[in-house]
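Novice: I have a structure here, written as structure tokens, and I will follow up with some questions on it.
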Amino acid sequence: MSSSPFPYDKLSVGDSFIARDKDLAKLQASVEAGTNLLIYSKRRMGKSSLIKQFFQSQTSTICIYADVYDVTKKEDFARLLLKSLSHVKLNKSVLKNLADLFKRLRFEMTIDPKNDKYGIRPTLSSLTFDEMMQDFFAAIQGLSEKQPVVIAIDEFQQIAHIKDTHLDAYLRKFIQERNTNVSFIFAGSKRHLLTSLFAYKAPLFEMANHYALTPLAFEDIRAYVSQHLNISDDDLGYLCTDIADNETKMMQHLLHLLYVGKAKTPIRREMIDQALDEILNEKEATFRLLFDVLNTNQRIAMKAVVNAGRKLYSEAVLQQLGITKSALQSAIRQLFARELIDKENERYFIPDRSLELWLGRMMAS
Ligand SMILES: Nc1ncnc2c1ncn2[C@@H]1O[C@H](COP(=O)(O)OP(=O)(O)OP(=O)(O)O)[C@@H](O)[C@H]1O
Ligand SMILES: [Mg+2]
């Protein structure tokens, strides 16, 4: 793929990061106050990019990032936290005392040839979950005596699926005992799961301030896009809102295709529609396969979500679809469990904007 100023299939940091000044300031304030932040948004909005961009801007804070998306066992979680230490850049003075930081863990020193920064790489031998967690948190406490530490755990809702221990209770204990120099950022996209981890009476209740990441501001998008594309405000609005429905990734994908095809010429609306066709055509086979493995009720439910959203279980909708309420409810539950649909404010929706548009097209034809 040729490079473009619009990354749509990787995180956006540095020059390609479209301003999020308010959100970066929020993170900064949270870290400075030593408090914890729970960031959530729909998928593909820019949570991970925001965290990475924030970390890049930090000069005197130790920044630790762990993405726990794939984690299903408590040991994996602990290992991932420890491994995340290998990406941390440390000063020489901290490194000298490294042996004091870890009780059981052995580690190697690393040097990044690009910037001569020192780091560490733990060698994970046969430690138990408790030992790994204790060592990790002891190390964090030690590090935070010299410098502020921020720990971002991305896709945090995944810990709700770890059944072999109460990780939330475990984390609560550490969070309560931590130095004021340590702060956490928890991020994720499944709002109901995430907020249930922090709900009243849950172990993490009141352990973090909640922050909903909203779509990029139109003025910020326009300021950035106008440096690279000749596009009217009207057409940019059409692209961002009508087509991408404010999903940052979809917006970037469309902009990328326009850029690669027609960087110098004025963008016309047909070109935006063509770019959308290209995206949907490219995904056709994948979406078709995904749809083909659904059973009849699940397909009906998918269509119902695209069309009805909030009024899903109304008599009129049920009658039109020819399905009973309980059959629809059960299909909705299955789709929800497979993450093909999501729910916000009592309304179901398809979290992948391109899939939603593809389904809309298929149903219209
Ligand atoms: N501030 C930004 N400027 C430019 N592009 C961005 C910005 N934020 C996100 N993007 C782009 O949007 C896409 C999705 O971003 P990212 O992966 O950070 O979102 P996310 O909310 O973490 O998604 P997920 O829920 O899938 O983990 C990426 O292609 C990224 O390049
Ligand atoms: Mg992410």
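Novice: Being farther than 16 Å from GLY360 by Cα, out of contact with any Cys (no Cβ under 7 Å at 6 or more places or on another chain), touching a residue at least 24 places away in the same chain (Cβ under 8 Å) and of a type outside the set (D, E, K, R): is that true of GLN334 here?
Specialist: yes
Novice: More than 16 Å from ligand 1 (Cβ to nearest atom), on the phi > 0 side of the Ramachandran plot and in the same structural domain as SER183 (by TED's automatic domain parsing): is that true of GLY34 in this structure?
Specialist: Criteria met by GLY34.
Novice: Something else now. Within segment 135-168, which residues are farther than 18 Å from SER30 by Cβ and of a type in the set (Phe, Trp, Tyr)?
Specialist: Passing the criteria: PHE136, PHE137.
Novice: I would also like to ask the following. Residues in segment 201-209: is at least one surrounded by 13 or more Cβ atoms within 10 Å (Cβ to Cβ), more than 26 Å from PHE336 (Cβ to Cβ) and aromatic (Phe, Trp, Tyr)?
Specialist: no
Novice: Scan segment 136-159 and report the pairs whose first residue is modelled with pLDDT of 95 or more and whose second residue is among the polar types (S, T, N, Q), with Cβ atoms within less than 6 Å and a gap of 6+ or a chain change.
Specialist: Sorted first by the residue in segment 136-159, then by its partner, the pairs are VAL150/THR61; VAL150/SER183; ASP154/SER48.
Novice: Please enumerate the residues belonging to segment 35-53 that are away from ligand 2 (no atom under 13 Å from the Cβ) and surrounded by fewer than 17 Cβ atoms within 10 Å (Cβ to Cβ). Show your work before the answer.
Specialist: Here is the first cut: in segment 35-53, the ones away from ligand 2 (no atom under 13 Å from the Cβ) are 35-38.
Of everything in segment 35-53, just one residue is away from ligand 2 (no atom under 13 Å from the Cβ) and surrounded by fewer than 17 Cβ atoms within 10 Å (Cβ to Cβ), namely THR35.
Novice: Are any of the residues in segment 256-279 aromatic (Phe, Trp, Tyr) and more than 18 Å from ALA364 (Cα to Cα)? Show your work before the answer.
Specialist: Looking only at segment 256-279, we keep the residues that are aromatic (Phe, Trp, Tyr), and these are 259.
Still in the list and also more than 18 Å from ALA364 (Cα to Cα): 259.
The answer is yes; a qualifying residue exists.
Residue-by-condition table, conditions (1) surrounded by 14 or more Cβ atoms within 10 Å (Cβ to Cβ); (2) part of a helix (DSSP H, G or I); (3) over 26 Å from the mean Cα position of the chain (by Cα):
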site	(1), (2), (3)
LEU276	yes, yes, no
ALA285	no, yes, no
LEU290	yes, yes, no
ILE300	yes, yes, yes
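So that you can scan it fast, the table gives a plain yes or no per residue for (1) crowded, with 17+ Cβ neighbours inside 10 Å; (2) hydroxyl-bearing (Ser, Thr, Tyr); (3) within 16 Å of ligand 2 (Cβ to nearest atom):
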residue: ALA66; (1), (2), (3): yes, no, yes
residue: TYR69; (1), (2), (3): no, yes, yes
residue: LYS73; (1), (2), (3): no, no, no
residue: HIS87; (1), (2), (3): no, no, no
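Novice: Considering segment 58-73 alone, what residues qualify as being assigned to a loop (DSSP other than H, G, I, E, B) and under 17 Å from the mean Cα position of the chain (by Cα)?
Specialist: VAL68, TYR69, ASP70, VAL71, listed by residue number.
Novice: Follow-up question, since we're still on this one. Give the residues of segment 180-201 that are more than 16 Å from ligand 2 (Cβ to nearest atom), touching a strand residue (DSSP E or B) at 6+ places or on another chain (Cβ under 8 Å) and part of a loop (DSSP other than H, G, I, E, B), sorted by residue number.
Specialist: ASN181, PHE198 - these are the residues of segment 180-201 that are more than 16 Å from ligand 2 (Cβ to nearest atom), touching a strand residue (DSSP E or B) at 6+ places or on another chain (Cβ under 8 Å) and part of a loop (DSSP other than H, G, I, E, B).
Novice: Tell me, which residue of segment 22-32 that is touching a residue at least 12 places away in the same chain (Cβ under 8 Å) and more than 22 Å from LYS89 (Cα to Cα) is nearest to ligand 2 (Cβ to nearest atom)?
Specialist: Across segment 22-32, the extreme among qualifying residues is ASP23.
Novice: Take the conditions in contact with a strand residue (DSSP E or B) (Cβ under 6 Å, 6 or more places away or on another chain), touching a residue at least 12 places away in the same chain (Cβ under 8 Å) and more than 27 Å from ASP76 (Cβ to Cβ) and apply them to ASN230. Does it pass?
Specialist: Yes.
Novice: From the residues in segment 187-210 that are within 13 Å of ligand 1 (Cβ to nearest atom) and touching a Leu at 6+ places or on another chain (Cβ under 8 Å), which one is farthest from HIS256 (Cα to Cα)?
Specialist: LEU194
Novice: Go through segment 162-197 and report how many residues are among the small types (Gly, Ala, Ser), farther than 30 Å from LYS146 by Cα and crowded, with 16+ Cβ neighbours inside 10 Å.
Specialist: Qualifying residue count for the region: 1.
Novice: Could I ask something else about it? Among what's in segment 1-30 and is farther than 10 Å from HIS256 by Cα, outside any helix (DSSP H, G or I) and among the small types (Gly, Ala, Ser), pick the residue that is nearest to ligand 1 (Cβ to nearest atom).
Specialist: Filtering segment 1-30 for residues that are farther than 10 Å from HIS256 by Cα, outside any helix (DSSP H, G or I) and among the small types (Gly, Ala, Ser), the one nearest to ligand 1 (Cβ to nearest atom) comes out as SER12.
Novice: What number of residues in segment 302-324 are surrounded by 12 or more Cβ atoms within 10 Å (Cβ to Cβ) and among the hydroxyl-bearing types (Ser, Thr, Tyr)?
Specialist: 2
Novice: So, one more: Of the numbered conditions (1) within 16 Å of ligand 1 (Cβ to nearest atom); (2) more than 29 Å from the chain's Cα centre (by Cα); (3) not β-branched (Val, Ile, Thr), GLN252 fails exactly one; give the number of that condition.
Specialist: Among (1) within 16 Å of ligand 1 (Cβ to nearest atom); (2) more than 29 Å from the chain's Cα centre (by Cα); (3) not β-branched (Val, Ile, Thr), GLN252 violates only (2).
Novice: Something else now. As an exercise: evaluate ASP76 against (1) assigned to a helix (DSSP H, G or I); (2) under 24 Å from HIS166 (Cβ atoms); (3) modelled with pLDDT of 95 or more and give the number of the one condition it does not meet.
Specialist: The single condition ASP76 does not satisfy is (3).
Novice: Separate question: Can you name the number of the only condition in (1) buried (at least 19 other Cβ atoms within 10 Å of the Cβ); (2) in contact with a Pro (Cβ under 8 Å, 6 or more places away or on another chain); (3) over 30 Å from VAL225 (Cβ atoms) that GLU339 fails?
Specialist: Here GLU339 clears every test but (1).
The values are calculated or read from the model by the stated rules, or taken from the named source; none is laboratory data. Model, not experiment: these values are computed from the prediction. Using ideal geometry, Cβ is built from the backbone for each residue, glycine included, and neighbour counts are taken over all protein chains shown.
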